[in-house]
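The values are calculated or read from the model by the stated rules, or taken from the named source; none is laboratory data. Being a predicted model, the structure only gives us computed values, none of them experimental. When we count neighbours, we look across all protein chains shown, and the Cβ atoms used for this are built from the backbone with ideal geometry, even at glycine.
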Amino acid sequence: MSYGCHTKFVWVEGYIPTSIDKYYQLTDNIINIRGLVVVKKLLILLVAAMFLVACGSDDEEVDIREEEATSINENMDAILATESLTDVWHIEDYIYDEEELDVDRLFRFTDEYIMDEENFESLNGYEKGLAMKTSAIITKTIKGKYEDDKELFEEDREEYRDILKNGDDLFMNGE
């Protein structure tokens, strides 16, 4: 039996599909077929629920993450917002729960949404603000800025939550 996966539009033979691969296939199909905001929000909730169950977080953290997942501005792409949220949650787990940091995962986000100039320019103001704030948090994490200054992380988290919900004035341009 041959296994494979669809990753970044490339089929890799011998790869056993993961739940993330199935998630991307599901989101691509649903968003292409319907393109409805309601469907996007349901997907975000589904991913958030899967992530929270997998992490086995305490009740307070689960409530905060559920609130974040449901407060995503409707003008943001569901996949971008979900990738951003899960990366920030990964960083949060690294800072507070001393979980291992997957730097390659974080670089994938910055490569796709910041370093790819054409992709960045295709984002709307809401998405650019979220991508930039996520990238700033990733950069500070990799440089070790939060290791001795958890208050700095909390300040950045609050700003991140606001951008996730309302957008970033710097990138809005009348949107």
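Values as computed for the structure displayed
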| item | result |
| --- | --- |
| Residue 133 being at pLDDT 95 or above, among the basic types (Lys, Arg), closer than 21 Å to residue 69 by Cβ and surrounded by 13 or more Cβ atoms within 10 Å (Cβ to Cβ) | yes |
| Any hit, region 137-151, residues being in a helix (DSSP H, G or I), buried (at least 19 other Cβ atoms within 10 Å of the Cβ) and at pLDDT below 95 | no |
| Only one of 83, 68, 159, 74 that is closer than 22 Å to residue 171 by Cβ, crowded, with 18+ Cβ neighbours inside 10 Å, in contact with a Lys or Arg (Cβ under 9 Å, 6 or more places away or on another chain) and without any contact (Cβ under 8 Å) to a residue 40 or more places away in the chain | 83 |
| Of all residues making up region 111-130, the number that are under 14 Å from residue 79 (Cα atoms) and touching a Ser or Thr at 6+ places or on another chain (Cβ under 7 Å) | 1 |
| Test set (1) over 14 Å from residue 89 (Cα atoms); (2) out of contact with any Asp or Glu (no Cβ under 9 Å at 6 or more places or on another chain); (3) among the hydroxyl-bearing types (Ser, Thr, Tyr) - residue 126 fails condition number | (2) |
| Qualifying residue in region 80-100 (condition: more than 10 Å from the chain's Cα centre (by Cα), over 22 Å from residue 135 (Cβ atoms), assigned to a helix (DSSP H, G or I) and modelled with pLDDT of 90 or more) | yes |
